[in-house]
Amino acid sequence: MKESELKQYWAAANEKLEMSLQISKINTDELNQLKVYHFISEMKAIKLFTLICGISWVGIGSAILSRIFIYQYTYANKFFLFSASIQIALTAIAVIVYLYQIITIYSVDITEPVLKTQEKLSRLRSSTLWIARILLLQLPVWTTFYWNESMLENGSLLLWIIQTLVTLFFTFAALWLFFNIKIENRDKKWFRLIFEGKEWTPLMRAMELSQQIKEYTIEEER
Amino acid sequence: MKGTALNFQKLIEEHKGILLKVARTYCQNEEDRVDLIQEMSIQIWRSLDKYKEHCKISTWMYRVALNVAISFYRKNAKRNENTGPLNEELFQITEPDNKEKEGQLVLLECFIQELNDLDKALMLLYLEDKSYFEISEILGISPSNVGTKISRIKGKLKISFSLLKL
């Protein structure tokens, strides 16, 4: 088929569509008040809420831990203290990534060229992977915070074998996931298993788009 | 404010074709298409003050419409998957005796649906007879890159059409 014919068919199909799907007169007053379900506004709300929760958690946690470090260090349970400190530190890093995401959300301008805007949106969504990696890195400390001196002195061998195995397993899992949760592995079965579900769909799509953008950019640089 | 509202109404009326074509390219389900057109209209209304006169209004509208559509498409991918790739109403544009052309249009639609989000945008703009320069302004890539990408897509299209004839 010739190019011109192709374009003619396309135009004809559009005419038909235009007739069948009329845009009703839009009331701009209503538009101003309309609370739209939009991808950016939706992200803003969720991330702002998470950010507030994260900041509160890190803030309160840091205040409590610093008091213990300053005034009660000698008597404090060191396992709890260091486990909780690692947990709070990792959450604080995740909060920083959230902050970066919120700043990016506010800088997204949908009137800019498609590739530029989509690249920003895609980077924004893909950075959620970093949050997942950082938060998963906390896994081992959830198996150590309740240890105490009495357990060390009176615990049976079996208890310690089980405890060590559990902690080692979670440490290995956390490190493995930290190094392997990346865009390149998005098609692997285990990756899809973790990031399955409606809430992860935008992320998976963002990664696909990110690949498409990369292909366009490579061509641009040649 | 009233002036802006009037301009907006005029703008949408004059360029509704852009919204319809973008919606058609990215949504097969009519319900989704209507939702998408509404969302594109809202975003155009909200972004009106960002319009700079150094670019054509149609270029600007294509940018907003495509940016919204690509994100919207991702949001509703599930629903699209369930509705099948084609919508019959799009193909009832020719006379019954013109079956071959009808078939080719069906094939073209199928081909577009198979493309990724960015290639879809490129194909749409190409079919709309936009110049390489205008496409480059809308997508944000160089005109030579537009040319390369289009010839690649056209190559794939040729293969699809030749396979149909076999």
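Just so you know, all these numbers are worked out from the coordinates, no wet-lab data involved. What you are looking at is a predicted structure, and each value in this text was computed from that prediction instead of being measured. Neighbour counts are summed over all protein chains in view; Cβ atoms, including those assigned to glycine, are modelled from backbone coordinates with ideal geometry.
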- [ ] Going by C-beta contacts inside 10 Å, put A:Tyr73, B:Tyr62 in order with the fewest on the left.
- [x] A:Tyr73, B:Tyr62
Task: Taking A:Leu139, B:Leu127, B:Leu122 and counting other C-beta atoms within 10 Å, the order from fewest to most - done: A:Leu139, B:Leu127, B:Leu122
Open item on the list: Can you compute the modelled spin-label distance between B:Ile57 and B:Asp129, with each label point 7 Å from Cα toward Cβ, in nm?
Closed with: 2.1 nm
Task: Virtual spin-label span in nm between A:Leu158 and A:Ala76, 7 Å along Cα→Cβ - done: 3.5 nm
- [ ] State, as an integer percentage, the relative contact order of the range A:77-222 based on alpha-carbon contacts under 8 Å between residues 6 or more apart.
- [x] 32 percent
- [ ] Give me the distance in nm between label points sitting 7 Å out from Cα along the Cα-to-Cβ direction at A:Lys189 and A:Ala63, one decimal.
- [x] 4.9 nm
Task: Over 19 Å (Cα to Cα) - which of B:Lys120/B:Lys156; B:Lys16/B:Lys130; A:Lys120/B:Lys56 fall in this group - done: A:Lys120/B:Lys56
- [ ] Over the residues of chain A, compute the C-alpha Rg and express it relative to 2.2 N^0.38 Å.
- [x] 1.49
Task: Cβ-derived FRET efficiency at R0 45 Å, B:Lys10 paired with A:Leu48, nearest 0.05 - done: 0.80
Open item on the list: Assuming 0.36 nm per residue, please report the length gained on full extension of the stretch A:Ala11 to A:Trp200 beyond their Cα-Cα distance.
Closed with: 64.3 nm
TODO: Please say if the range A:105-179 is rounded, prolate or oblate, where rounded means a/c under 1.5 for a ≥ b ≥ c the square roots of the C-alpha gyration tensor eigenvalues, and otherwise the choice is prolate for a/b larger than b/c and oblate otherwise?
DONE: prolate
- [ ] Give me A:Thr128, B:Thr148 ranked fewest to most by other Cβ atoms within 10 Å of their Cβ, as a rough exposure proxy.
- [x] B:Thr148, A:Thr128
